[in-house]
Amino acid sequence: MKKRYLPVLVLLLLSLFLGCGNQLRKPLHLSSKFVEENHMPNASEAAALPGALNGNGRLNLAGVPGITPTPTVYSNPNRAKSASKRIKSYSTGEEQNQSSSGHELTLEELRRKYKSTLFFKGSPRWRAVALTFDDAPDPRFTPQILDELQRNHVKATFFLVGKRAEKYPTLVRRIAARGHVIGNHSYTHPNFNKLSESAFRREVLKTNRVLQPLIGYDPKLLRPPYGNIRENELVWLANNGFKVINWSSDSLDWKGLKADEIIANIMKNVEPGAIILQHAGGGTGEDLSETIKAIPRVVKKLRDRGYDIVTVPELLDLPKSR
Ligand SMILES: [Zn+2]
């Protein structure tokens with residue numbers, strides 16, 4: 001090589017090195033004070049609860065690579081509207097960067113930007129999956145789901161609605177006593193995309209405050225209703241020790257599907273690291289008896305295919321407590 005090319009080569013290597021460094025930059029961990037206010041659900045929140053509890057759609061999966069969303073028929077026009085809506089960008093002090101210049105961030109962009117806070121699945125290197133159950137506790141379905149899990153020697157992760165936990169504390173204690181992990185699923189099950197930041201914080205903090213004395217720890221895992229989350233909320237959760245757990249395989253069990261359909265929906269998106277969404281509670285008139293029926297068959301299929309069935313903290317190597 002001719003000598004006069006040497007400085008050019010050095011410059012090239014230097015710029016490559018600096019570029020990588022920038023990509024490896026870790027998310028900021030800022031200390032933040034909790035501001036908690038007393039919150040009683042207002043009339044519209046209370047009215048929204050049964051309808052909202054009709055289930056989690058695949059709203060969060062649009063545009064996430066590696067996850068092929070199943071076309072979903074939305075019976076509720078609000079769900080369809082919400083599904084097509086892009087997550088609004090938000091400027092927050094030190095987290096502010098090129099993406100806060102006014103354009104909206106997709107969930108995929110949020111996932112890449114906050115990869116240590118927002119999870120859809122675990123590492124593909126371990127042939128393991130996590131079963132997760134939302135909207136519990138519900139005396140109609142949760143006890144039977146707990147019994148099926150126990151019979152099949154499975155530990156799962158339950159995302160509880162704070163208001164229901166307050167109403168059925170014995171059931172909350174039973175979920176924890178059976179060795180399952182408990183996470184926060186908000187207090188009244190609102191769409192976080194439509195809340196003010198202070199209302200959002202109240203939903204999160206009030207739920208942890210209800211759960212902690214019942215289960216003996218302060219839940220670290222949070223699943224937003226419908227999987228909807230905004231950037232300002234993610235930043236606040238990251239700064240306050242929470243991890244946001246969405247899913248990569250949706251059973252769509254809340255639709256009242258037959259066990260065969262629930263199993264097919266789960267299995268078609270199963271891969272090492274998958275986080276599987278099911279429900280252990282429902283709205284008025286909702287029936288999860290097919291979810292209960294599906295459990296032993298899903299467990300058998302997963303084990304036959306060589307999967308370990310673990311909790312979310314095991315799958316993602318996270319603590320369950322903040
Ligand atoms: Zn839910």
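The set of residues from the range 293-322 being assigned to a helix (DSSP H, G or I) and buried (at least 21 other Cβ atoms within 10 Å of the Cβ) comprises Ala294, Ile295, Val298, Leu302, Val312, Leu315. Taking each residue of the range 212-225 that is acidic (Asp, Glu) and looking for partners that are more than 15 Å from the ligand (Cβ to nearest atom) with beta-carbon atoms closer than 6 Å, six or more apart or interchain, yields Asp218/Asn208; Asp218/Gln212; Asp218/Ser321; Asp218/Arg322.
Any read-out appearing in this document is the output of simple, stated calculations on the displayed coordinates, not a laboratory observation. A quick note: this is a predicted structure, and the numbers were derived from the prediction, not measured. Cβ: placed from backbone, ideal geometry, glycine included. Neighbour counts: every protein chain shown.
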